[in-house]
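Scroll down for the structure; my scribbles are underneath it.
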Amino acid sequence: MSEFLQQVINGLSLGAIYALIALGYTMIYGVLRFINFAHGDVFMVGAYIGFYAFPKLQPLLGDGYGTAVAVLLAAMIGCGLLGVTIERLAYRPLRSRPKLTVLITAIGISLFLEYTGQLPVVFGADYKTFPTLIPETTYTLFGGVSIGSTQILVFVVALALMAALRVVVLRTKIGTAMRAVSMNMNAASLMGININRVISFTFFLGSSLAGAGAVLYAISYPKINPLMGILPGLKAFVAAVLGGIGNIAGATLGGFLIGTAETMTAGYISPSYRDAIVFGILILILILKPSGLLGKGGAEKV
Amino acid sequence: MSTILRPYLYLAGGIALVLVLNLLVGGIGSYDQRIVVNIGINMILAVSLNLVNGFTGQFSLGHAGFMSVGAYASAAFTTMVLPAASDPMSQGLYLIVALLVGGLAAAVAGLLVGVPSLRLKGDYLAIVTLGFGEIIRVILQNVSSLGGALGLANIPRHTTFLWVFIILVFVVFVIERVIRTTYGKGFLAVRDDEIAAEAMGVNTTRYKVVAFVVGAFFAGIAGGLYAHYNSLIKPDDFGFLKSVEIVVMVILGGMGSTYGVIFAAAALTYLPEWLRSFTMFGIKFSDFRMSIYSLVLIVLMLVRPQGLFGGFSFKGRRAAAKKAPIG
């Protein structure tokens, strides 16, 4: 039983990170109706921003939580700006084109970030060790279940960001505009909403969550390299689909479920099937309920 | 010239061309020969994916998965079932048998993937096929009798330039012929307007499954050729990036244009090799080649999304490919 609870805690902390990435997928899908394949690579860049920002910020802020928060913010802002730039240069000119064109462009950007990141003058193809942001302490809870300070940080940051996102989307003017655009872009435009600004803002928000997820992922799994974003990106995408793509609560739920399923598979079946189980879930959900757990299925109009 | 005979004349011409080229290819270095054979294999992959993506309009991102099934099935058949072959005659015979085994195994995989996936459209289908490709890779990594993550080694090198390109000619012939029959128009109908096709009595599900299975069959044959050329295959050779590579060939060539796709497969296989040795202003491009490759893709989508040859068929007629298949 205690092993099971331990797996649940590990799974939820991994799932919290997937949820943060999944939120970016789902929000971008919500407004633009396409899968931002480059999202996982924006996540990767976030980890590197954190990696390079740490030595600059540490002398100013000292050890401890101040630096951790500053590194997190640097990664979030950096990724947000990267996301806005990608949208501006690559996706905006294609907005009225077929979705397939945009999908290919997204794959192109994904490859560009991966290959350029591997250049020796950029990040280099080798693994780098992410610095320890907070002192690692392990707290033992009831029945031999333990939780690390890193995991606590992951939970606190992830839940705080999710709550903040909820406030932004439901309570602010730009959040209302985002929801309007996701319902009907043309009608929103006729109501005087600046579509381009809303889309840029969505990209900033979604990408900065990926940046936060990247720092949390990198302190949990400190080996970073330019291809690190592919699998977490795909899994987070599965999480978004599982919850119902376009649905913010669904992405959070899907992230936690995928993270738990993955650690359970690794713990009870075999670690080598942890990736396969995620795609298995994806295929099952798309065959049984393509709209996802919380998504609303729409009838196809002829 | 009789219109009935004309396609067969093209077929004979294609085979004759390959036979002539086969005499020339013996004179080039082994490194260049390897590039040429890889180009041929990629052409088969791209032409077969074009049936699914280009002609039937079903966006598949799992082609490398079918290729790996064919590669592993044929390689396992050659190494475990067939006796060793010494003379070119029996080598060729064994290769054909092994390729058929690989192709059929991949076709079965195509059927298994195709039937459940066909409820989905557009980017969802892309993701599911991607997922299937990854699952096939993970399974191969965990089957120890097939070498696991280390791969299957010591596969006899039966693949030659001649075999690759003769098979390419046949694949092109079959796909181009099928597309031009009354039956084959059904594929285009599914792509152009699925609902209208359904209303006209076209069995869209059946067409999609057939496209998937036939595409997978040819991908399996390409995988078999790859396995018998490289004599070592690893699950990682057939990852997501390989699928993307094949998709890019189809997109660049222009979806639904067989000859454009063939050209794009050659260009995109050669481009990274060319950039490897290319120097300009004292900058060596070898480091940047994959970045350039991806930039080419992005720029292409921005300026010419229908691909280089999209909208044209072989004789320059405007084809239905002008209209984007998925939207």
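Computed quantities for the displayed model
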quantity	calculated
Karplus-derived HN-Hα couplings along the stretch A:160-165 (A = 6.51, B = -1.76, C = 1.60, θ = phi - 60°), whole Hz, x at Gly and Pro	5, 5, 5, 5, 4, 4
Cα-based helix-to-principal-axis angle, A:65-86 vs chain A, degrees rounded to 10	30
Share of alpha-carbon pairs per 10 Å distance bin for the stretch B:144-191, given as whole %	20, 24, 23, 23, 10
For B:Ser90, B:Ser145, B:Ser294, order by how many other beta-carbon atoms lie within 10 Å, fewest first	B:Ser145, B:Ser90, B:Ser294
Segment B:Val20-B:Val303, extension gain: residue separation times 0.36 nm, minus the distance between their alpha carbons	98.1 nm
Net +/- balance of residues flanking B:Gly201 in space, Cβ distance below 15 Å, scoring K and R +1, D and E -1	-1
Percent RCO, i.e. relative contact order, over the stretch B:6-239, from Cα pairs under 8 Å lying at least 6 residues apart	40
Shielding by partners, peptide B:297-306 (average Cβ within 10 angstrom, other chains)	6
Environment charge at B:Tyr183 (Cβ cut-off 11 Å; Lys +1, Arg +1, Asp -1, Glu -1)	+4
Shape parameters for the stretch A:128-197, alpha-carbon atoms, Rg then Dmax in Å	20.3, 59
Cα centroid separation, the stretch A:163-214 to the stretch A:47-94 (Å)	20
Karplus 3J(HN,Hα) series, Hz, for the stretch B:133-150 with 6.51 cos²θ - 1.76 cosθ + 1.60 (x for Gly, Pro)	x, 5, 5, 4, 5, 5, 4, 4, 5, 9, 8, 6, 5, 9, x, x, 5, 6
For A:Ile224, net neighbour charge (Lys/Arg +1, Asp/Glu -1) across residues whose Cβ lies under 14 Å away	-1
The protein assembly as shown: equivalent-ellipsoid semi-axes (sqrt of 5 x gyration tensor eigenvalues, Cα, Å)	43, 28, 24
Label-point separation, A:Tyr139 to B:Ile195 (7 Å along Cα→Cβ), nm	5.6
Bins of 5 Å, starting at 0 and running to the largest distance - Cα pair percent for the stretch A:6-118	2, 11, 17, 20, 17, 14, 10, 6, 3, 1, 0
Kirkwood hydrodynamic radius over Cα pairs of the stretch B:143-262, then Stokes diffusion coefficient at 20 °C and 1.002 mPa s, in µm²/s	129
Convex hull of the stretch B:6-239 built on C-alpha atoms - directionally averaged projected area, nm²	13.2
With eigenvalues of the C-alpha gyration tensor scaled by 5 and rooted, chain A, Å	30, 24, 19
Folded to 0 to 90 degrees: helix A:230-243 orientation relative to chain A principal axis, Cα	60
Global size of the stretch B:41-172 as Cα Rg and Dmax, reported in angstrom	15.8, 49
Rounded, prolate or oblate (a/c below 1.5 giving rounded, otherwise prolate when a/b exceeds b/c) for the stretch A:116-165 by Cα gyration tensor	oblate
Cβ crowding within 10 Å averaged over residues, with A:201-213, B:13-25, B:261-273 ranked highest first	A:201-213, B:261-273, B:13-25
From phi via Karplus (6.51, -1.76, 1.60), per-residue ³J(HN,Hα) for the stretch B:164-181 in Hz, x at Gly/Pro	4, 7, 4, 5, 4, 4, 5, 4, 4, 4, 4, 5, 5, 5, 4, 4, 8, 7
Alpha carbon centroid spacing (whole Å) that separates the stretch B:19-45 from the stretch B:48-82	21
Approximate spin-label separation A:Val167-B:Ala149, in nm, with each point projected 7 Å along Cα-to-Cβ	4.4
Shielding by partners, peptide A:84-94 (average Cβ within 10 angstrom, other chains)	1
Long-range HN-HN contacts of B:Phe309 with modeled amide H, under 5 Å	B:Gly254
Shielding of A:106-118 by partner chains, average beta-carbon count, 10 Å	6
Degrees separating the helix A:274-288 axis from the principal Cα axis of chain A, which is the longest one	30
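Every number here is computed from the coordinates shown, using simple stated rules; none is lab data. Keep in mind that what you see is a predicted model, and the values were worked out from it rather than measured. Note that each Cβ is placed from the backbone with ideal geometry, even for glycine, and that neighbours are counted across all protein chains shown.
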